Amino acid sequence: MASAPIVVHPPLGTGGRRVTARGEILGLAHSDHDVVEFLRRAGLEDAERLLDDPSWVKWRGGRAHHYEAA
């Protein structure tokens, strides 16, 4: 896999992080639970295990698992 198919984008000024899968917006996450739910809806049943797998998820800007505004 050339790059992670799931991207958790930098926190927004109002809080939350946009989540995309292969360029398609899945939603605005305010917690890991939100990300897992978006991925489950996209067909990844065991999504919770993927959050820390860099071959699946790329955390851009900010720290992984943090959703507050900078």
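The values are calculated or read from the model by the stated rules, or taken from the named source; none is laboratory data. This one's a predicted model, so the numbers in the text were calculated from it and none came from an experiment. So basically every Cβ, Gly included, is an ideal-geometry build from the backbone, and we count neighbours across all protein chains shown. These accessible areas exclude ligands, DNA and RNA; they are computed on the full protein's heavy atoms, side chains included. Shrake-Rupley method; radii C 1.70, N 1.55, O 1.52, S 1.80 Å.
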Legend entry - Unique residue being more than 12 Å from Val7 (Cβ to Cβ) and either open to solvent by 80 Å² or more (accessible area, probe 1.4 Å) or touching a Phe, Trp or Tyr at 6+ places or on another chain (Cβ under 9 Å) (or both) when the list is Glu37, Glu48: Glu48
Legend entry - Hits in the range 13-32 - residues which are open to solvent by 80 Å² or more (accessible area, probe 1.4 Å), out of contact with any Gly (no Cβ under 9 Å at 6 or more places or on another chain) and not polar (S, T, N, Q): Arg22, Glu24, Ile25
Inset, instruction - For the range 21-55, name all the residues that are of a type in the set (Gly, Ala, Ser), within 13 Å of Tyr67 (Cβ to Cβ) and in contact with a helix residue (DSSP H, G or I) (Cβ under 8 Å, 6 or more places away or on another chain). - result: Gly27, Ala29
